[in-house]
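Contents: one structure, followed by commentary.
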Amino acid sequence: MADINLVPEVARKEIKKTVSRQQTANKAALIAILVAGLILTAFFLYWLFIVASSKLVSMDTERSEGKVLEQSRKEITHRALVQKIDEASKFLSLVKPYSISFDELMILLNDSKSTLKIAEVGDEGKFKINGTIHNSSDFESLVEALSESESFSDSVLVTLDGVKDKPYAFDIEMKFLKKGLPEATSSAN
């Protein structure tokens, strides 16, 4: 049998062209799919980066908020303590310490030649003293000094015991009046 060419030469070229076009189109489609996949992968990776960054920012924000809240609590406590200390300092600067009143009392007792045995400090600046004195003229000078003193008032002789030629024992209650000691307020209403 003889070779018979049923497909003319022109048709073969067109078939080759068509196959070549299909292969080129397939390659182009495959390249386009790969490029689109790369672009989608890049977008996905960028999205993951954004999510991870937002979580880090969120954690940093929460940590910073916690620090701010803790610091604000400390600052509020600090301000409250400073305010209390200021109030206490103002009060203490106005209130005259009892040691000063004892100093003044000791000067009065020494001037009158009396001896202090017991001294008690009561509420609201009240003092109770117990001591001895050698004679009535010294006792008179003590009473006069207490009544003339600007530091003491309401001096009351509680007891006075004594025998001639021996020291007199006395108990006196008084109130320390120097500026700053709180006065007792009575509700007479």
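Taken together, the residues in the stretch 150-170 that are in a loop (DSSP other than H, G, I, E, B) and without any contact (Cβ under 8 Å) to a residue 40 or more places away in the chain amount to 6. All of (1) over 34 Å from the mean Cα position of the chain (by Cα); (2) at pLDDT 80 or above hold for Lys90 with one exception: (1). Considering the stretch 110-149, the residues that are part of a helix (DSSP H, G or I) and surrounded by 14 or more Cβ atoms within 10 Å (Cβ to Cβ) include one that is modelled with the lowest pLDDT, namely Gly125. With respect to the conditions (1) surrounded by 11 or more Cβ atoms within 10 Å (Cβ to Cβ); (2) more than 46 Å from the chain's Cα centre (by Cα); (3) without any contact (Cβ under 8 Å) to a residue 12 or more places away in the chain, Ile107 falls short on a single one, namely (2).
The values are calculated or read from the model by the stated rules, or taken from the named source; none is laboratory data. If you're wondering where the values come from, they're calculated on a predicted model, not measured in any experiment. Cβ: placed from backbone, ideal geometry, glycine included. Neighbour counts: every protein chain shown.
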